[in-house]
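One structure is given here, and the rest of the page talks about it.
The values are calculated or read from the model by the stated rules, or taken from the named source; none is laboratory data. Treat the numbers as computed from the prediction; the structure is a model and nothing was measured. Please note: Cβ atoms are built from the backbone with ideal geometry, for glycine as well, and neighbour counts cover all protein chains shown.
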Amino acid sequence: TFSPSEGTPHLTINHDVAADLDSSNAFEGPEKLLEVWFAPSAAALPASAAPSGLKSVPAETWVGMLDMVNCKILSVLESEAVDAYLLSE
Amino acid sequence: SSMFVFPHKLILKTCGTTTLLLGLQRMLHIAAANAGFPFRNAVSVDHVRAAAIPYRVFYSRKNFLFPDKQRGPHRSWKQEVKYLDDMIEGGGSAYMVGRMNGDHWYLYITSPNKTLTPPLTPNLEAVNGHPTPESMSNGGSGANSPGAHHNDETLEILMTDLDPEIAKQFFLSNASAVATDKLAAETQEARRKAAVSRNGLSTPIEEVDVFDNQGADWLSAKKLDAIEELTTEGHALGTVVSESCGLSQVYPTSVYPDARVDAYLFSPCGFSANGVIPAPATAHEDQHNSTHYFTVHVTPEPGFSFASFETNVPGRQNGKTTAEIIEHVVGIFRPGRFSVTVFETKGRSANPYGMGDEGFKNLAMQRLVDPVRGYRRIDRIVHDFEDYDLVFRFYERE
């Protein structure tokens with residue numbers, strides 16, 4: 001039996017979205033990349049912030065923001081230090 | 001598209017005609033209202049206009065293939081810059097890197113907001129990602145270095161004009177066939193083992209009756225479901241493609257045992273993958289307890305084929321050097337041309353590998369001239385920012 005260590009990230013798939021995606025109309029490859037820092041490092045969060053900062057924000061809260069971007073969450077790979085969201089389009 | 005959420009920063013990379021910047025206002029609001037970061041624009045954080053104050057912002061993209069088809073502020077770089085300047089107090093600086101009549105790259109960057117540096121008293125209660133005395137003194141933003149931040153290194157490879165034969169791997173029809181072949185091979189192997197178990201000797205595969213009881217078991221409804229899922233479901237096929245194209249070997253589990261890749265193959269084509277790479281326990285002290293990421297996006301259609309690879313896994317972290325990573329990734333896609341950008345904190349590696357500043361400078365200079373086999377370097381441009389170095393290189397196939 002495979003037993004992942006504590007450090008192994010955990011995957012959650014959003015089957016509702018992932019099942020019927022169609023990318024037939026995609027034509028532009030180059031991406032836009034936005035990186036917003038709210039503190040200099042994970043070890044330097046302001047006193048007002050939640051202990052795990054942005055990672056304390058539940059996935060469903062990001063959905064509204066991602067709707068404005070025209071992306072949907074396909075799956076989330078969660079780890080202690082970073083959560084990786086795979087998105088549509 | 002992909003999003004990476006760290007305690008202190010968020011990275012959003014979106015493909016196609018997405019309207020990434022239209023999400024910025026909401027992102028700043030969530031950071032204030034749901035994560036507790038200091039905010040402005042409102043008296044109460046509950047107000048919809050309350051927006052967290054960013055410590056710093058980066059926005060970048062390659063020039064679009066079809067800019068007229070983009071939406072919102074993304075129709076032109078000028079509009080994007082205006083949008084960002086309007087949104088971010090104090091504004092930022094916008095750059096174009098590379099040939100205007102070629103595959104150039106755009107960057108918008110703000111200076112660190114020094115008002116958001118932490119208090120002078122280090123937080124000593126820390127565990128599991130929270131401050132420790134070690135992390136505060138080891139490149140972390142510390143009390144004695146206002147505005148400083150953790151070592152940071154991002155490598156991005158943007159590839160166009162992919163080899164058409166290679167690009168076929170990223171079509172669902174092709175990947176589905178690969179998955180079916182893989183399943184058939186696994187099933188045959190299982191049958192062979194079953195036959196060996198029954199007969200006590202190695203039975204040639206062709207002599208095993210596929211309709212015997214063992215075969216019927218293997219083709220049970222459950223197995224058929226598994227076959228259906230593996231050959232059609234996006235995540236399952238994404239995993240198959242990650243392995244077959246060589247992507248899963250960029251950061252192999254033999255070196256990064258806790259690495260995990262989440263991949264998806266779109267219908268009828270297109271591919272995205274995120275990797276989360278906890279640092280190996282044997283890595284240098286500086287890398288302990290740090291987790292990095294990589295992300296890959298592929299648009300394989302002829303005429304506008306494109307692939308991107310981005311990572312912040314430090315080169316040489318017990319694994320491949322940056323040059324080896326570039327060669328590996330370029331070998332997967334065999335693009336007609338590609339750009340490489342390396343964005344890193346100034347002097348970030350002056351100490352971690354035990355060499356002096358002079359030794360590191362020599363290594364850094366060497367990396368600036370690294371050739372990539374089979375490609376001719378067309379451009380090499382170095383930008384010396386306030387606290388980051390940016391190296392942009394552009395290559396064409398020989």
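At-a-glance table
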quantity	calculated
Meets criteria (out of contact with any Leu (no Cβ under 6 Å at 6 or more places or on another chain) and not aliphatic (A, V, I, L, M)) for B:T18	yes
Residues satisfying the stated conditions in the stretch B:49-80, i.e. farther than 20 Å from A:G29 by Cβ, more than 8 Å from chain A (Cβ to nearest Cβ) and small (G, A, S)	B:A50, B:A51
Matching residues in the stretch B:28-48 - criterion: being surrounded by fewer than 23 Cβ atoms within 10 Å (Cβ to Cβ) and facing another protein chain (nearest Cβ under 7 Å)	B:I30, B:N34, B:G36, B:P38
Qualifying positions in the stretch B:51-83 - surrounded by fewer than 18 Cβ atoms within 10 Å (Cβ to Cβ) and among the small types (G, A, S)	B:G72, B:S76
Filtered residue count, the stretch A:58-78, keeping only those that are facing chain B (nearest Cβ under 7 Å), surrounded by 21 or more Cβ atoms within 10 Å (Cβ to Cβ) and not in a helix (DSSP H, G or I)	4
Restricting the stretch B:295-307 to residues that are out of contact with any helix residue (DSSP H, G or I) (no Cβ under 9 Å at 6 or more places or on another chain) and within 14 Å of B:A263 (Cα to Cα), the residue that is nearest to the other protein chains (Cβ to nearest Cβ)	B:H297
Members of the stretch B:134-187 found to be modelled with pLDDT of 85 or more and of a type in the set (S, T, Y), listed by number	B:T154, B:T160, B:S173, B:S176, B:T180
Residue in the stretch B:216-226 that is modelled with pLDDT under 90 and not in a helix (DSSP H, G or I) present	yes
Conditions (1) at pLDDT 95 or above; (2) buried (at least 23 other Cβ atoms within 10 Å of the Cβ): number failed by B:G336	(2)
Checklist (1) touching a Lys or Arg at 6+ places or on another chain (Cβ under 9 Å); (2) farther than 20 Å from B:I381 by Cβ applied to B:N312, failing item	(1)
Flag if B:V261 is at pLDDT 90 or above, assigned to a helix (DSSP H, G or I) and closer than 25 Å to A:D83 by Cβ	no
Selected residue (criterion: surrounded by the fewest Cβ atoms within 10 Å (Cβ to Cβ)) from residues of the stretch B:84-121 that are more than 23 Å from B:H29 (Cα to Cα), of a type outside the set (F, W, Y) and touching a Phe, Trp or Tyr at 6+ places or on another chain (Cβ under 6 Å)	B:M96
Residue that is farthest from the other protein chains (Cβ to nearest Cβ) [pool: residues in the stretch A:22-38 that are more than 18 Å from the chain's Cα centre (by Cα) and farther than 16 Å from B:L162 by Cα]	A:N25
Residues located in the stretch B:1-48, provided they are among the charged types (D, E, K, R) and either assigned to a helix (DSSP H, G or I) or touching a residue at least 60 places away in the same chain (Cβ under 8 Å) (or both)	B:K13, B:R26
Filter pass, B:F343 being of a type in the set (A, V, I, L, M, F, W, C), at pLDDT below 95, over 18 Å from B:L162 (Cβ atoms) and surrounded by fewer than 24 Cβ atoms within 10 Å (Cβ to Cβ)	yes
